[in-house]
1. Looking only at segment 185-223, how many residues end up being under 28 Å from E367 (Cα atoms) and surrounded by fewer than 11 Cβ atoms within 10 Å (Cβ to Cβ)?
2. Only one of these conditions is not met by C265: (1) modelled with pLDDT under 95; (2) within 20 Å of the chain's Cα centre (by Cα). Which number is it?
3. Among the numbered conditions (1) under 19 Å from I100 (Cα atoms); (2) in contact with a helix residue (DSSP H, G or I) (Cβ under 9 Å, 6 or more places away or on another chain), tell me where I25 comes up short.
4. Only one of (1) more than 21 Å from L253 (Cβ to Cβ); (2) at pLDDT 95 or above fails for T182. Which number is that?
5. Do you know which residues across segment 158-211 are more than 30 Å from the chain's Cα centre (by Cα), assigned to a loop (DSSP other than H, G, I, E, B) and of a type in the set (A, V, I, L, M)?
6. Would you point out the residue of segment 229-254, among those that are among the hydrophobic types (A, V, I, L, M, F, W, C) and out of contact with any Ser or Thr (no Cβ under 8 Å at 6 or more places or on another chain), that is surrounded by the fewest Cβ atoms within 10 Å (Cβ to Cβ)?
7. Can you list the strands (runs of 3 or more DSSP E) lying wholly within segment 1-62 that have 2 or more residues being in contact with a Phe, Trp or Tyr (Cβ under 6 Å, 6 or more places away or on another chain)?
8. Pairs please, first residue from segment 83-105 and over 20 Å from E64 (Cβ atoms), second anywhere and open to solvent by 80 Å² or more (accessible area, probe 1.4 Å), Cβ atoms under 6 Å, 6+ apart in sequence or on different chains.
Amino acid sequence: MTNKILGVERDVVLMSLYSYHTNLILSSKDDKPKIISPQNFSIPAQNLIFISKNFFLSTLPNYEENTEITVCFFYQGRGIFFKTVPKTATTGYGLIIPQILYKQHDKNQKQDYQVTGKLFYTGKEEKGRFLSCFSNSKYPLFTPFLWQYFSEAELFASAKLLFEIARVEICSKDADLEKCFTSQQKILYLPEGKLPNKVYFPYEATFTSQDSFDVYMDFGKEVYIPILDKSKGEKIPHSICNIVQDSVTISPLEIEDSVSSFPICRFLAADNEEVEIIQGRAAPLEILYINDGMVILGLKQGDFPLQRGNEYPLSLFINLPIGKREVFLTVFVSRVFEYSGNNNKTRTAAVCRYTSIKEEDRRFLFEKLYNSRYM
């Protein structure tokens, strides 16, 4: 199936644009997509769109003369785009429509996702309406080391959310503290001001008294988390965070809760850079995190279909080296977070805890996440 539109089909698509003057979406190499309404452009002739100079440059402030831009619009709900080099006129820019248009690639078509799912939001599995769920490679699943997949830009963009949701704040620079993370990027957990004799997690999450440090470990807080982005090849933390201490001591469970909130903060603070491809289609839910007790789901835009305090059936399909494994759950929506970033588009994330799961499925999820035996 070709994504090209040409000939008679192109003429029909453009006739719709000429007649109904739908919104346009403009983007350039250095500018994110911006929507402009029909009041801000004109079509003085076939194959020509005109935009005033002031409005064009305010929409694409980083535009460089004689460089290509992308123009997108919708035809019968489907995203259509073309690329063109704006022609400069005295009062504005002319966008010449080329002979070939293209259909936007639909990222929700079948792909090899690590995990997919069906969430039945009418509350009934049979004959119930469901929302599709997909994993996103930006939010790696089945790794507990979530602090190792957090870019510096994401960290500072989500600083407010980290404090409010995860109870985590960015530390000021400290040379002795930074020395602790030069060889290993584990969490520095100092209950009662000293290294514990054992790891209180089902994976090698923290340093213990068997690790030696050539520094005096009096940093004032109990928990320090090194932040880096292994997906970009980073081996040394770009930042260090600590958990805000509201009680005498911080428990391992509180550390786990804070760390598992990292994908929520990253997701909510992210920009909605992608243009909707099928106009009006219900957006799928993104699977941000899974463990043996909960799944975290996110929605980039639109009305969130789940209600806090309600239960929903959920089927997860997890890719294995050979075949797939289906895990059927009933989940309880315990927390819902909403956040509108600089583009005023609201993202939503929900923590869904399992109220029903087979014991062999719980064991499977535990062992796949922590790579250790379920006890």
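1. 4
2. (1)
3. Status for I25: all satisfied but (2).
4. Failed condition: (2).
5. Residues satisfying the conditions are L190, L195, V199.
6. By that ranking, first place goes to V248.
7. On the way: elements: 24-28, 31-36, 42-45, 48-52.
Per the criteria, 24-28, 42-45, 48-52.
8. Correct list of pairs: I100/K4; I100/L6.
The values are calculated or read from the model by the stated rules, or taken from the named source; none is laboratory data. Not measured: the values here are computed from a predicted model. Please note: Cβ atoms are built from the backbone with ideal geometry, for glycine as well, and neighbour counts cover all protein chains shown. When the accessible area is computed, the model is the full protein with side chains, heavy atoms only, and any ligands, DNA or RNA have been set aside. Shrake-Rupley method; radii C 1.70, N 1.55, O 1.52, S 1.80 Å.
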